[in-house]
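A.B. asks: This is the structure I want to talk about, given as structure tokens.
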Amino acid sequence: TLDLMKLDMANFTLQMARPDIIACSVELERKKFADFLAVQSDGLEHTKKWLLKHIDTSEPPPSNVASYESYIRNIVKKASWEAFIDLLDWEENEPYPETFMIDETRLRDLQMKTNRLTAIGTILLVTLSNAGPDLQSIAEFKASLKDHISILLQSVKTDKDLSEVLPNVAEQVINDVKDAQRKYQMIEMNDINETLLRQQILQISSSDHKIRGLVRQRMKEFFLDIIESSTAAPQKVPTGLTALQRELTAIAGQFLRIVSHNNTVFCIYYYDIVSAALPKPA
């Protein structure tokens, strides 16, 4: 009992000190980054490129803007949100923004998890659209199917990995569908539909696969909603992806923590970058 009381007191103390710890962390990161900029000719080169991609620098501020500073802040906020989402689609050989140098490993990991979840969601949608409305309505089947797909894709990191594992996924999915149809006394999938489903699953490895692209876009919109609301819950899960709610929310929570802290530390730099790039009021 005494040990539990000590643990509770330690947790309480940490909780009370958390704002101070975060504040110290923010100040320390700002100082270290300022030191980094002091020895670089252009230490924000990649950050500028990343952020300004979401801003029309040719558009002058509206003539009726009451506060130019507030106007800039609103533009920075919107551009930052959109730019943060770009980090989940980052090209492998493209340097990260300098303001995310210490987060690169975590961002790569989240990008990989998001890509994997996109593939899982796509396979689920393709399978359920072929399985018929009766199976689509059975939660137990969908949960089991998702688990089996997730296990087969757990080591997938690249599109090449995905392409190599999809034949096994297709066989597992077809077996799951047939087993469920027998279990629930439904008409079993015929050879033609089985071949069609197998082909559709194998096509998912294509980078321009339409359903995969749609799933990806819905996920990005979900993450953007999370960032805009600054909370990982509760947000409406994208249509067709409710089976992935737990996984989506977990990724969103991790991503939100990274970008929220980053924005707290580096917002002053983002403001200066945007302010310098936009036309000044007449």
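FYI, it's all coordinate maths here, none of it is from the lab. These figures come from a predicted structure and were not determined experimentally. So basically every Cβ, Gly included, is an ideal-geometry build from the backbone, and we count neighbours across all protein chains shown.
A.B. asks: With every atom except the alpha carbons ignored, what do you get for Rg and Dmax of the chain, in angstroms?
C.D. replies: In Å, with Rg to one decimal and Dmax whole: 23.7, 74.
A.B. asks: Right, here's the next one. Too long at a 26 Å Cα-Cα cut-off: which of 48/157; 77/146; 31/157; 31/77? Walk me through the numbers before you get to the answer.
C.D. replies: Details: 48/157 29 Å; 77/146 36 Å; 31/157 35 Å; 31/77 23 Å.
Going by Cα-Cα distance, 48/157; 77/146; 31/157 fall outside the 26 Å limit.
A.B. asks: Ok, one more. With respect to the cross-link table entries 160/236; 142/220; 53/220; 160/183; 49/210; 78/280, which display a Cα-Cα separation exceeding 26 Å?
C.D. replies: Numbers: 160/236 32 Å; 142/220 23 Å; 53/220 17 Å; 160/183 35 Å; 49/210 29 Å; 78/280 19 Å.
Distance filter (> 26 Å) returns 160/236; 160/183; 49/210.
A.B. asks: Between residue 26 and residue 71, what length in nm is gained on full extension when 0.36 nm per residue of separation is reduced by their alpha carbon distance?
C.D. replies: Using 0.36 nm per residue and subtracting the Cα-Cα distance, I get 13.7 nm.
A.B. asks: Mind checking which aspartates and glutamates have their Cα closer than 12 Å to the Cα of residue 113? Skip sequence neighbours fewer than 8 apart in that chain.
C.D. replies: Straight-distance partners of residue 113: 89, 247.
A.B. asks: What order do you get for 121-133, 249-261 when each peptide is scored by the mean count of other beta carbon atoms within 10 Å, highest first?
C.D. replies: On the way: 121-133: 20.2, 249-261: 17.5.
Most protected by this proxy first, the peptides run 121-133, 249-261.
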